Amino acid sequence: MKRRQSPVAKLGHVAAHTPDLDESLWFFEEVMGFQVTERDGDTAYLRGMRDWEHHTLSLTESGQTGVDHFAFRTESEEALDELEQQLKDEGEEITHVEAGEENGIGEAIRVDKFGHNYEFYWDVEKPKAPEAKRSGLLNRNYSESVGNRIAPRRIDHVHVNDPGENAFKHDEWLREAMDFQLNERYEDENGEYWGWWYAVTPLPHDIAIHREEPGDPTQFHHVAFHLDSLQDLWTAADICSEHGIEINNRSNGPAMHAITRADCMYVKDPASQLRLELFAGPGYLNFEPDWEPIEWKEESLGGPTNHQWHGGGPTWDGIDYV
């Protein structure tokens, strides 16, 4: 069945807290190679080499760790208004964010859904790279000459942890209320779904959720940024090893997901404890109007916490919301 139009166009950014902004910038800017759009007081705004929006990651020094929110851009200003009304009809309490309260972002709304801090916005600044860093190719932002050897290209997806029934309710809301396309899902040996991968773009997923044990906290698991190739991951692994940064895969090195079919590696910012996935591939692009979810089962793929094609997946501990 052809998917309906979601009010959401794409993943926008993740906003996180850190106890030491300079230390986090060492990791994200110096080691990983993110570009800093601007630093305003205790907050730094960063993006990948080929991100167009003002930022795809922000870090605020607050003396604590945790994720403030993750944000999606809507299809239009009208879609944002309609989504606000939809959320009100669902009985949710909406928080309004004034234009400029978050640098580069216009008016936005935030809502707590199933314990996750969602933000939705339409209006956004798209500043060009500084002239000295700008690519001569008009369809790129930053020149390859100013990127380091990792230099993430663009934001790719987010992944969250949901305990027990919370996971099933979150799944239903994304599919039925938000019209996200379910591309893949994983069923454990007990016949219960453990993981879901959804998209509003042709990517394998823009957001994924996996089910934790009832009573576990609702958490943010990781934000992923895209790299071009598997070799980029091995280069990143080399650089992390040189800096003494632990690779967060169970295999202690890059791996390949069976689900989403992408090469991957996980690391954490030592200061903020935000987990970053470097996601190369991009796996596959899905342009099918009548896509049916791919059904994975534990009996053919392996256990929920390590269902990889090659290598080991991440540990499944998450980070709290602030």
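The values are calculated or read from the model by the stated rules, or taken from the named source; none is laboratory data. Keep in mind it's a predicted model, so treat the numbers as computed, not measured. Note that each Cβ is placed from the backbone with ideal geometry, even for glycine, and that neighbours are counted across all protein chains shown. The accessibility values were calculated without ligands, DNA or RNA, using every heavy atom of the protein model including side chains. Shrake-Rupley method; radii C 1.70, N 1.55, O 1.52, S 1.80 Å.
Quick notes on this one:
- Relative to its residue count, region 156-237 spans a Cα convex hull of 118 Å³ per residue.
- Ranked by the mean number of other Cβ atoms within 10 Å per residue, highest first, peptides 110-123, 193-206, 168-181 order as 193-206, 110-123, 168-181.
- The alpha carbon gyration tensor of region 1-116 gives principal lengths a ≥ b ≥ c with a/c of 1.5 or higher and a/b greater than b/c, which makes the shape prolate.
- Dividing the radius of gyration of the alpha carbons in region 59-204 by their Kirkwood radius gives 1.01 for Rg/Rh.
- Cα-based shape type of region 73-115, given that a ≥ b ≥ c are square roots of the gyration tensor eigenvalues and the cut on a/c is 1.5: oblate
- Spatially proximal lysines relative to residue 169 (Cα-Cα < 20 Å; intrachain offsets below 8 disregarded): 88, 113
- Mean Kyte hydropathy of 0.0 or more with a Cα span along the axis of at least 15 Å, helices from DSSP in the chain: 230-242
- Per-peptide packing, taken as the mean over residues of other Cβ atoms within 10 Å, places 182-192, 268-278 in the sequence 268-278, 182-192 from highest down.
- Cα gyration tensor shape of region 91-144, rounded if a/c is under 1.5, else prolate or oblate by comparing a/b with b/c: prolate
- Backbone N under 20 Å from the residue 107 label point (7 Å along Cα→Cβ), restricted to region 47-84: 71-84
- Here the Karplus relation 6.51 cos²θ - 1.76 cosθ + 1.60, evaluated at θ = phi - 60°, turns the backbone of region 186-194 into coupling constants of 10, 10, 7, 5, 8, x, 10, 5, 10 Hz, with x for every Gly and Pro.
- Surface per residue (accessible, 1.4 Å probe) for region 241-322, Å²: 46
- For region 190-254, Kirkwood radius (reciprocal of mean inverse C-alpha pair distance, Å): 14.8
- Accessible surface for region 1-91, divided over its residues, is 42 Å² per residue with a 1.4 Å probe.
- For the chain, the relative contact order comes to 20 percent (Cα pairs under 8 Å, sequence separation of at least 6).
- Per-residue ellipticity at 222 nm from helix content only, as computed over the chain with -39500 (n - 2.57) for each DSSP H run of at least four residues, stands at -3500 deg cm²/dmol.
- Aspartates and glutamates whose Cα lies under 13 Å from that of residue 268, excluding same-chain neighbours fewer than 8 positions away: 23, 246, 277, 317
- Virtual spin-label span in nm between residue 62 and residue 317, 7 Å along Cα→Cβ: 2.1
- Of all beta bridges that DSSP places with both ends in region 71-134, some 75 percent have antiparallel geometry.
- Applying Stokes-Einstein at 20 °C and 1.002 mPa s to the Kirkwood radius of the chain, computed over alpha-carbon pairs, gives a translational diffusion coefficient of 107 µm² s⁻¹.
- Gain on full stretching of the segment that runs from residue 26 to residue 216 - 0.36 nm per residue minus C-alpha separation: 65.2 nm
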